[in-house]
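A short write-up of the structure that comes next.
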Amino acid sequence: MFSTGIHISQVAPQLASSGGVRDYLRQWTIKYHNDQQENAPSEVTLGRKTLLPNSLFVRDTADDASAIDEDEENLQEDTELDHDDVSLTTVLLVPGDAFTMNVRGLRRQFALYLGHVGPQAQFLLADGRWYVALRSLYTAHIVHNFATEEEMATIRLHLPTKPVEVAQGEGGGLAFATAFGEVPFDVSSALLARFAFLKEEGEDFKRDHARAVEQIYQNVASETEVRQLPLHQVVRQQLGIGYDVLNDGAKIVLLDKLYDDPRLSFTFSRQRFYLVTMPKRMVRDGEEVTAWARAYQDAAARAASGKDVSQDLQSNPLTRFISKARRIITKSRKIRAPTADGQLGPTLESVLPVGGGIVRRSTGESFDENEKKIVQFLFSTYLLAPFAAAPANKRNTSIGSMILRAIGAYPKYNLNSSIGKLFLQELGCVDPWAVNQDYDAGLPLNWLGLNEPARLANEKQHAAMAQLNIPSGSKQPPFPDTMAHMRKDWGSLEVFCVDSETTRVVDDGISIEPSKEFPNHYWVHTHLAHPSAFIPFDHPLHEKPFLMGGSAYMSHASDPAYPYELTDTLSVRPDGPVLTVSTLLARDGAVKDIRVVPGIVRNVIHINSKMLEQTMGLGEPITQELIVGQNPSTESSYEAQSSRGVDTNGYNTRQMSLISTHLKTFESIQGLLIARWEARKRENPDYLTMQALRTGTPDVSVRRSNPDLNYQRIFRSEHCYGDPRIRVASRKINFDERYDDQKRKYHPIAGCMLMAAESMGAWARRRQIPAVYRHQSFRFGYNLHKLNNLGQHEGYLGVTSGESLFPSPHLMLNMAQMLPITSPLRSMHDLVNLYQTDAYLKAEAAAPTSDSLADLHVDYPRSREALLRYLHGDTGYKGVSLTSRNEQKHWVTVALFRAFHYREAQLPETLDVQVGNPAKIGKETNNIIVTLAAFGLRASLVPSEQGWERLAKFRQFLPVKLQMLDLERSTVVCVAVGPPTDTPRIKDFAYPELRPH
């Protein structure tokens, strides 16, 4: 349910039934796409629509001869790929960089990035024309400093000085569009000659290495698993030369050639390219399916001319599969129905499980070996990342659309990846609520059972754990303590570990005590788990976390960096080892001293973070809560329980007693943290004061049956009865918060962690310890003065975050340096820094007291050069934090989808969207980025009759009505129903009285 204190009917009476909803969606979708087609700018080409005869199942595929020809055109052996947009990564590009790009209607060619005008990127193309377009993502080799500022300045004289816009039709306003123009040859000739030289370099490389490049896939791919290999390693092994010694033209040609291979994909992480290879068996099976599909299509074409093709069809494995798929889909649609825009709805009320929850049942159908190949082909084409999203996958999607058309279950749908996923869901091969991130074989996780590096790392870690043979429930670390002789006993000092009631891995605790030497000064201690003192640096236990980059947390499961049996022995606990970062603070926040000491804590007190936050008035209250699924009275979180007066096993009562006893201690810590925040402003008067952009990140919890994500699951046909229970809790948002005052309400534990990272950075900086620092820097063309003096509604490109081996400022936190170290059991950056710190402390303890810091010899586990290789990806190529955020957005969208389209919860009639940064506009959003306030979801605006959206400015709010939810893109489609304002319509709500649905 959704409660705000306002009770307004949201769905028209005629939409009360699921059939009414589907009819409405179908009518709206047709009108929306027709309007887009009519009003689309001339340079913008909408995706191809694949129309099927208007029937549920097509019995005679030969009725649509024109569609056969269209698909055959897509199967031509032409490597030219059609991109919807210019592709670049603005984080990687600065004006003066050259690379290759695809431009609609043209072959891939060299381009020089000249900068941005508003949201549009500007380029000089190798054909001598200028080109402007909206940005998107791209992976390519970049030639830095290809042109000087003086050369670019002469080119820019011939480019638009304002964003290029075209009319969207009568009353439709203006839309940003792509555009071309001429640059005089005498102005661009020097740069065009340089482009020609790059091309010559590439041609030379092709002559020398073309055959070796063609053999790369066969030589490096695995038979049954996905592999990720650093490109520089592949080049050295397969071509016999170092990637770094290749000239720019050679690198460009190499990447372009590999980029066009549908068996390959790329990831780019830590300044390095990684080649991702599809399993060879999957490729061979896909080639068989392609042959069957072409034969099936050929038979359909011959049947259209009156020939008898029954024998050919009978011998084709697709014929049996198509019949089976039709039977399964017929069963599926008695359980749940697809919407008009190709999304699978929730379980029909008539077949919901009597006892609630989710029940899986076999469809009664099984797949033979050939049918499994077809399922696998469709899975790899439409769902298996990173291959499904690769531009070279276009050839496979053409075959996939042939198969879907032959099945005939999706008339008048655009047979894109969304419909391919829908088919797999209705076939029972993936769950109806499948999350795309669950099927990313490029992630260093072993849930799918396809990722070879993940499997090998898991196997090594499991083997290492078996050798350790840790007794069940043991708290004793399985390794000797290499710093036992150096540990300080903290005795009865109260150490507070502030986490949720379900936290098992405890990385840190905090404490405070007055200084005995300096009046009105206080030591604020951050006590950290200390695994580096026990586990040898090169132990196989580390291979998995180094590969992952840290622990992975998803809605359905967590994949911890280390097994819980191990972290139970290393977490912060009574009588447990720690490394303590101590900061001596004056009352005004000035830092008097910093100490880093190994120790043992005795008196550990566990505090519930949410209860402490609420008691201290630090966290923003929940203002809106949306629950779909089972009865919300079963909600187990502290906030939901307390709102109903529930206290399971007296946990809340005990926690409130503890918090009451120690409240003054936490208030003292909080006061010092605020003073430290203000002291940073005095120490560095040049700090960021611009207004922050807050759109809200809700708390999301999901309960679904344990998903079987193993790759072999796709070969079982099972339908699910019932749907996940989803809770989305949105908090009050301070939309006018500024960067210089946002930390005043920081939670004590988070504030202590940040201060520990600051202090650790200063301590390591003075000792020149090789370590991984975190920093923020300005984007090209921006500086502190420019950002701080932006107008209220002026767009900008903000700061970019990263890691470095040298101390650098963290702009948003106004810190001179920041060394992450506070999550050593979850984050590998933190653990590496902990090992480096231990090495210094051991050397210092062993050295004569007369030795100066400069004379101290330290044997670091990783030299500065090794750390540089680590940052560039030799020991970890892709994190999972972005995947986790995308999964959260998916579940928020699903909850809104079920509430809005299926009335599983009451929504208010109107909601607020906030207008986003115009410097990051995408053309699909009608020229403005809007985000559904409090839910943090990207929204797409349908033009309103009054044109309210055309009046909206950056940071303003628009009242909107929902129109539909796009589950595939986690996007809300809505229409403005009122003028923009500087503040949201709905501000403050009392925490609602939750009512069971």
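The values are calculated or read from the model by the stated rules, or taken from the named source; none is laboratory data. No experiment lies behind these values; they were computed from the predicted model shown. So basically every Cβ, Gly included, is an ideal-geometry build from the backbone, and we count neighbours across all protein chains shown. The accessibility values were calculated without ligands, DNA or RNA, using every heavy atom of the protein model including side chains. Shrake-Rupley method; radii C 1.70, N 1.55, O 1.52, S 1.80 Å.
For segment 734-822, what is the Kirkwood hydrodynamic radius in Å, using each pair of distinct C-alpha atoms?
Values: mean 1/r = 0.0693 Å⁻¹.
Result for segment 734-822, one decimal place: 14.4 Å.
Backbone amide hydrogens, once placed in the peptide plane, bring residue 117 within less than 5 Å of 122, excluding anything fewer than 5 places away on its chain.
The three principal axes of the Cα atoms in segment 541-610 give end-to-end lengths of 45, 30, 26 Å, sorted in falling order. Accessible area of residue 259 (1.4 Å probe, protein heavy atoms only, ligands and nucleic acids ignored): about 40 Å². Accessible surface of segment 375-507, 1.4 Å probe: 50 percent of it comes from carbon and sulfur atoms. The alpha-carbon positions of segment 271-408 define a convex hull whose volume is 175 Å³ per residue. Put 737, 887 in order of accessible area, highest first, and with a 1.4 Å probe you get 737, 887.
Between residue 502 and residue 718, the contour length at 0.36 nm per residue exceeds the Cα-Cα span by 74.5 nm.
Using a Förster distance of 22 Å, how high is the FRET efficiency between residue 244 and residue 866, based on the Cβ-Cβ distance and rounded to 0.05? With a Förster radius of 22 Å, E is 0.80.
Between residue 686 and residue 792, the FRET efficiency estimated from the beta carbon spacing at R0 = 22 angstrom works out to 0.50. For residue 149 and residue 311, a Förster radius of 60 Å and the Cβ-Cβ distance give a FRET efficiency of 0.25, rounded to the nearest 0.05.
Here the accessible area of segment 730-797 is 46 percent carbon and sulfur, with a 1.4 angstrom probe and all protein chains present. Peptides 513-520, 344-351 ranked from most to least packed give 344-351, 513-520, packing being the mean of other C-beta atoms within 10 angstrom over each peptide's residues. Seen from residue 197, the other residues with C-beta closer than 12 Å to its C-beta sum to a net charge of -3, counting Lys and Arg as +1 and Asp and Glu as -1.
Ordered by 1.4 Å accessible area with all protein chains kept, 447, 891, 130 run largest first as 447, 130, 891. Counting heavy atoms of the protein chains alone, residue 720 has an accessible area of about 0 Å² for a 1.4 Å probe.
Under 5 Å from the amide H of residue 944 lie the amide H atoms of 949, 976, each residue being 5 or more positions distant or on a separate chain, with H modelled from the backbone and absent for Pro and chain starts.
Compute, for residue 610, the solvent-accessible surface of its heavy atoms (probe 1.4 Å) with the complete set of protein chains present, and express it in square angstrom to the nearest 10. Approximately 70 Å² for this residue.
Solvent-accessible surface of segment 520-600, averaged per residue with a 1.4 angstrom probe and all protein chains in place: 28 square angstrom. Summing +1 for each Lys or Arg and -1 for each Asp or Glu among the other residues whose beta-carbon sits under 14 angstrom from that of residue 476 gives -2.
Largest first, the extents of the alpha carbon coordinates of segment 461-567 on the three principal axes equal 53, 37, 26 Å. Label separation (residue 784 vs residue 117): 3.3 nm, computed from points 7 Å beyond Cα along the C-beta direction. Per residue, the accessible area of segment 184-305 comes to 46 Å², computed with a 1.4 Å probe over protein heavy atoms only.
Take the Cα of residue 236, go 7 Å toward its beta carbon, and none of the backbone nitrogen atoms of segment 193-226 fall under 12 Å from that spot.
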